[in-house]
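Since the structure comes first, as structure tokens, the remarks are kept for the end.
The values are calculated or read from the model by the stated rules, or taken from the named source; none is laboratory data. The shown structure was predicted, so the numbers you read here are calculated from the model rather than taken from an experiment. Glycine also receives a Cβ, built like all others from the backbone with ideal geometry; neighbour counts cover every protein chain displayed. In case anyone asks, the SASA skips ligands and DNA or RNA and just uses the protein heavy atoms, side chains included. Shrake-Rupley method; radii C 1.70, N 1.55, O 1.52, S 1.80 Å.
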Amino acid sequence: MQKNMYICNSNTKKEQNMRFIVNSQVLLKNLQSIGGIVGGNATLPILNNYLFDLKDKQLTLVASDTETSMMVSLELTEANEDGSIAIPAKILLDTLKTFADLPLVFQIDTETFSIEISAGDGKYRLAGEDANAFPQHPDKGDEITSLSLSSQLLSQAISKTIYATGLDNFRPVMSGVYVELSTENLTFVATDAHKLVRYRRTDAHADAYANFILPKKTLIQLKNIFSSRKDEIDVKIEYNKINAFFSFENMHVVCRLIEGKYPNYEAVIPQDNPNKLYIDRVTLLNSLKRVSIFANQAIPQAKFKMQASELLISAQDIDYASEAKERLACNYEGEPMEMGFNAKYIIEMLSSIETEEICLEMSQPSRAGILMPVGNENKDENMLALVMPVMLN
């Protein structure tokens, strides 16, 4: 079980009122950007709140779930009396969504934790909580290492690996994405023991070798943030043995790294694969989506029968007497072979690839198949997806 990475804020309460003015839509947008980790925390109910921290006309909004902490800062033109308070997330968000674009006046009694919001002719009161009960994000310490990546590169790495992470609580190292840094490249790996993805970039590197495992939930939040921004931005990543810190624009994200030793992923990738199938990616993807509808949904097994210039894909569900077959044109190099795959895994892999053509390399029906893009214009990008076969019925 991972240790709590937070310590309680030891600031004393201020016997005065906080007052500040902020635009409703600006506040809503920024709260939503960090809101993906708020809610449903039965262990620490305080985490169902946003922390509002006001200092020198800078308002910092914080959300946390004990493993990940997200912070965004806003510069205010009108504010007085520094202070902090925890505000219930749900009622605040639900209220903000109903407002047009208008200024909101917050008046907060830091003794009673009473909050009054004024919007035009309306006034709204709700009860907050003591900010001292809100966990504080960890200090970086002295042994910190850093590098900078573009948001586009980091977003690509997340998108192409995160679907392969596992859900097994008994093997927590597989529930995150393994990041391996070297002086030559960066490698991102995810696996659940049934499938594996290795995504490598040679156009980015670190000053020294390092590796760590990032939690899935944090990566999902980062991906959502980057996808909402049109422009590419620089992301500063700092890390030590316990935590990783992401800084960009007015936002900071802190997460606790997953403890444990990651499996030797290189050892499970077959090196000698004489049988190679070349085929149009979209054609194969759409065919699998159709055929898998007729497979047993518990394990949507698809059979690949390959020979010369032809691929026959079939699936069936004996219990419901359903069956589907499709014949696709391809370029197959190797001995005629039949292999069974979980169609869902292949669909996920094909969806994460962007090239027009893919290559499926195989050695024998009982060993893993290797799926790779063909004709990638980005020479600095290298991707490999491994999928274990299933026994044919």
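For A206, the residues whose amide H sits under 5 Å from its own are S182, T183, E184, N185, ignoring neighbours fewer than 5 places away on the same chain, with H placed 1.01 Å from N.
Along region 309-317 the Karplus relation, 6.51 cos²θ - 1.76 cosθ + 1.60 evaluated at θ = phi - 60°, assigns HN-Hα couplings of 9, 9, 10, 9, 9, 9, 8, 8, 10 Hz to successive residues, with x for each Gly and Pro. Close amide H partners of N49, meaning residues 5 or more places away or on another chain with modelled amide H under 5 Å apart, are A89. Accessible surface area normalised per residue over the chain is 50 Å², counting heavy atoms of protein chains with a 1.4 Å rolling probe.
Summarising the label geometry, the points placed 7 Å from Cα in the beta-carbon direction at A308 and D272 lie 2.8 nm from one another. Expressed as a whole percent, the proportion of Cα-Cα pairs in the chain lying more than 27 Å apart is 58%. Listed by chain and number, the aspartates and glutamates whose C-alpha is less than 12 Å from the C-alpha of K303, apart from same-chain residues fewer than 8 away, are E323, E326, E338. Here region 104-193 is treated with +1 on each Lys and Arg Cβ and -1 on each Asp and Glu Cβ, and its dipole about the Cα centre works out to around 400 debye.
Per-residue ellipticity at 222 nm from helix content only, as computed over the chain with -39500 (n - 2.57) for each DSSP H run of at least four residues, stands at -4500 deg cm²/dmol. Directionally averaged projected area (region 183-222, Cα convex hull): 3.6 nm².
The longest part of the chain holding none of the exposed loop trypsin sites (Lys or Arg not before Pro), meaning those outside H, G, I, E and B in DSSP with at most 16 other Cβ atoms within 10 Å, is 262-366. Restricting region 46-103 to GluC sites (Glu not before Pro) that sit in a DSSP loop and have at most 11 other Cβ atoms within 10 Å of their own Cβ leaves E78. Could you give the Stokes-Einstein D for region 103-147 in µm² per second, using the C-alpha Kirkwood radius, 10 °C, 1.306 mPa s? Reported coefficient: 116 µm²/s. Shown for region 164-280: the carbon plus sulfur share of the solvent-accessible area, taken with all protein chains present and a 1.4 angstrom probe, equals 49%. Working note: Karplus 6.51/-1.76/1.60 with θ = phi - 60° gives region 301-308 the couplings 7, 10, 9, 9, 10, 10, 6, 6 Hz, where Gly and Pro are set to x. Here, region 148-262 is characterised by an Rg to Rh ratio of 0.93, where Rg is the alpha-carbon radius of gyration and Rh the Kirkwood radius.
As a calculated quantity, the FRET efficiency between Y124 and D280 at R0 = 56 Å, using C-beta atoms, amounts to about 0.50.
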